[in-house]
Amino acid sequence: MTDASWREQAVERSLDSARVRAESRVQRFIDAAFELLVDSEPGKDFTVQDVVEKSGQSLRSFYQYFGGKQELLLALFEESVRSTAEQLRARIEGEKDPLERLHRFVIEYYAQCRPSRSKGKKKTPIALAEFAQQLMTAHPEEATHAFAPIVELFDEVLDAAVSAGAVRGDLSGRRIAGVVLEVIMFNAFSATIGGAARGAGRGDPAEELWDLLVNGIGA
């Protein structure tokens with residue numbers, strides 16, 4: 001096989017350079033939108049113009065990469081899910097027992113799903129958590145794609161627990177993933193939004209949820 005011609009190499013370098021610039025611009029828009037979500041007051045929304053000004057780029061540049069605010073929020077949510085999956089994998093990696101690893105996944109994911117009202121914290125803003133709920137209701141196919149990194153990690157952890165005989169193997173893994181992940185996310189979200197503080201003498205809500213998931217409600 002002959003080496004690529006100088007023309008092909010020049011075009012490839014040009015495309016690589018353009019790709020890097022595009023990725024950098026897109027990331028600046030995403031970072032700006034995340035900062036606006038974190039800094040905004042509850043119930044206050046931001047506009048595309050706010051994102052453009054925060055990023056220091058142009059409106060024309062924004063519409064080169066996004067069809068509108070909805071696409072930006074979707075990109076922001078996908079980035080958040082990917083980052084969450086990476087953090088979860090790092091936090092459960094040290095657990096060697098399959099059931100304990102599943103336990104750790106539930107506890108850590110619960111903590112990640114609790115929206116933050118505090119500024120300056122790299123946690124899911126309430127507005128982004130609300131967007132996730134709307135996405136699953138109105139755009140299930142887009143939601144499925146966005147949640148793929150979390151679902152894949154959960155499938156991996158669940159399969160290991162099933163193989164070890166710690167979890168029932170006669171149920172659909174994908175159905176379990178859907179139920180468990182939705183329960184964790186909505187439970188953590190509703191507890192934060194509803195202001196349900198931990199009562200005196202009560203246990204950790206994440207541990208209570210784990211107990212319910214793994215043992216059910218039977219006496």
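The values are calculated or read from the model by the stated rules, or taken from the named source; none is laboratory data. For clarity, every value in this text was computed on a predicted model and none was experimentally measured. Cβ placement follows ideal geometry from the backbone for every residue including glycine, while neighbour counts extend to all protein chains displayed.
Summary of values
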quantity	calculated
Residue in the stretch 14-27 that is of a type in the set (Lys, Arg), surrounded by 13 or more Cβ atoms within 10 Å (Cβ to Cβ) and without any contact (Cβ under 8 Å) to a residue 60 or more places away in the chain present	yes
Enumeration of residues in the stretch 46-57 that are loosely packed, with under 12 Cβ neighbours inside 10 Å and either among the hydrophobic types (A, V, I, L, M, F, W, C) or at negative phi (or both)	47, 49
Qualifying residue in the stretch 138-151 (condition: in contact with a Pro (Cβ under 9 Å, 6 or more places away or on another chain) and either among the charged types (D, E, K, R) or free of Cβ contacts under 8 Å to residues at least 24 places away in the same chain (or both))	no
Among (1) crowded, with 18+ Cβ neighbours inside 10 Å; (2) closer than 28 Å to residue 93 by Cα; (3) modelled with pLDDT under 80; (4) out of contact with any Lys or Arg (no Cβ under 8 Å at 6 or more places or on another chain), the one test that residue 127 misses	(2)
Filter result (modelled with pLDDT under 90 and in a helix (DSSP H, G or I)) within the stretch 37-56	37, 38, 39
Residue 27 vs. criteria assigned to a loop (DSSP other than H, G, I, E, B) and polar (S, T, N, Q)	no
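Residues checked against (1) in a helix (DSSP H, G or I); (2) surrounded by 19 or more Cβ atoms within 10 Å (Cβ to Cβ); (3) in contact with a helix residue (DSSP H, G or I) (Cβ under 9 Å, 6 or more places away or on another chain); (4) of a type in the set (Val, Ile, Thr):
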| site | (1), (2), (3), (4) |
| --- | --- |
| 80 | yes, yes, yes, no |
| 91 | yes, no, yes, no |
| 94 | no, no, yes, no |
| 102 | yes, yes, yes, no |
| 106 | yes, yes, yes, yes |
| 110 | yes, yes, yes, no |
